[in-house]
Amino acid sequence: MTIAARSLLDQMARHHVWATERLLSSLEALPEDDYRRPCGLFFGSIHGTLNHLLLTDREIWFPRFASGRSPSLPLDAELERDRRRLASGLIEAAAQWSDYLEGVSEGDLAGDLHYVMTTGQPRTLPTAATLLHVFNHATHHRGQITAAISLLGYEFLPLDLAYLLISERAAQLTP
């Protein structure tokens, strides 16, 4: 694993937190009916998709990386019905990846991740690339949610990585 690859993973972990916080901020004004309305997303509603993100981030992928456990849970399980607790859980789940990266060795990142899929099939994939998958998976579902927000007639904050990079660069240049 090179310094550039490690830096990219750190950057993606920061983006994961930043984009999650911005998405949740955009959802604060959304009425409960619209928040829970079936809107054609794979997991039904905005709420269902956020629950899926919490499930995959906290209950499935993180245990695979951090402890070698492979929990088997239905991908549409509702972990948290309360919207505020769900938002809090999502932020905590996103933040755990930066902590994980601080403690993981270069050798582990350059190696393979061995886990069992929720379907029971064993898998071995490159650790760093699979970690990128975790971040890309979240980006995919955040994109679905912003499309739903837009179709419902509401506005949302931009979540693109470039906006995080612009804000970080501006912070570096500010005395």
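Could you tell me whether any residue of region 117-128 is assigned to a loop (DSSP other than H, G, I, E, B) and within 19 Å of the chain's Cα centre (by Cα)?
Here is the first cut: in region 117-128, the ones assigned to a loop (DSSP other than H, G, I, E, B) are 117-121.
Those still in the list that are within 19 Å of the chain's Cα centre (by Cα) too: 117-118.
Looking through region 117-128, at least one residue is assigned to a loop (DSSP other than H, G, I, E, B) and within 19 Å of the chain's Cα centre (by Cα).
Just to be sure I understand, how many residues within region 138-164 are within 17 Å of Arg22 (Cα to Cα), in a helix (DSSP H, G or I) and in contact (Cβ under 8 Å) with a residue 40 or more places away in the chain?
Result for region 138-164: 11.
Return the only residue of Tyr115, Tyr154 being farther than 18 Å from Ser70 by Cα, in contact with a helix residue (DSSP H, G or I) (Cβ under 9 Å, 6 or more places away or on another chain), surrounded by 14 or more Cβ atoms within 10 Å (Cβ to Cβ) and among the aromatic types (Phe, Trp, Tyr). Working first, answer last.
Values: Tyr115 fails: farther than 18 Å from Ser70 by Cα.
Result: Tyr154 is the single residue among Tyr115, Tyr154 that is farther than 18 Å from Ser70 by Cα, in contact with a helix residue (DSSP H, G or I) (Cβ under 9 Å, 6 or more places away or on another chain), surrounded by 14 or more Cβ atoms within 10 Å (Cβ to Cβ) and among the aromatic types (Phe, Trp, Tyr).
When the residues of region 77-116 are filtered to those that are outside any strand (DSSP E or B) and among the β-branched types (Val, Ile, Thr), which remaining residue is nearest to the chain's Cα centre (by Cα)?
Ile91
Could you tell me whether region 19-42 includes any residue that is surrounded by 14 or more Cβ atoms within 10 Å (Cβ to Cβ) and under 25 Å from Thr119 (Cα atoms)? Steps first, please.
Restricting attention to region 19-42, the residues satisfying the condition of being surrounded by 14 or more Cβ atoms within 10 Å (Cβ to Cβ) are 19-24, 26-27, 30, 34-37, 39, 41.
Cutting the leftovers down to under 25 Å from Thr119 (Cα atoms) gives us 41.
Yes.
Could you tell me how many of the residues in region 46-67 are surrounded by fewer than 19 Cβ atoms within 10 Å (Cβ to Cβ) and in contact with a Lys or Arg (Cβ under 9 Å, 6 or more places away or on another chain)?
2
Readers should treat all values here as calculations from the given coordinates under stated rules, not as data from a laboratory. Computed from a predicted model, the values in this text were never measured in an experiment. Cβ atoms come from the backbone with ideal geometry, glycine included; neighbour counts cover every protein chain shown.
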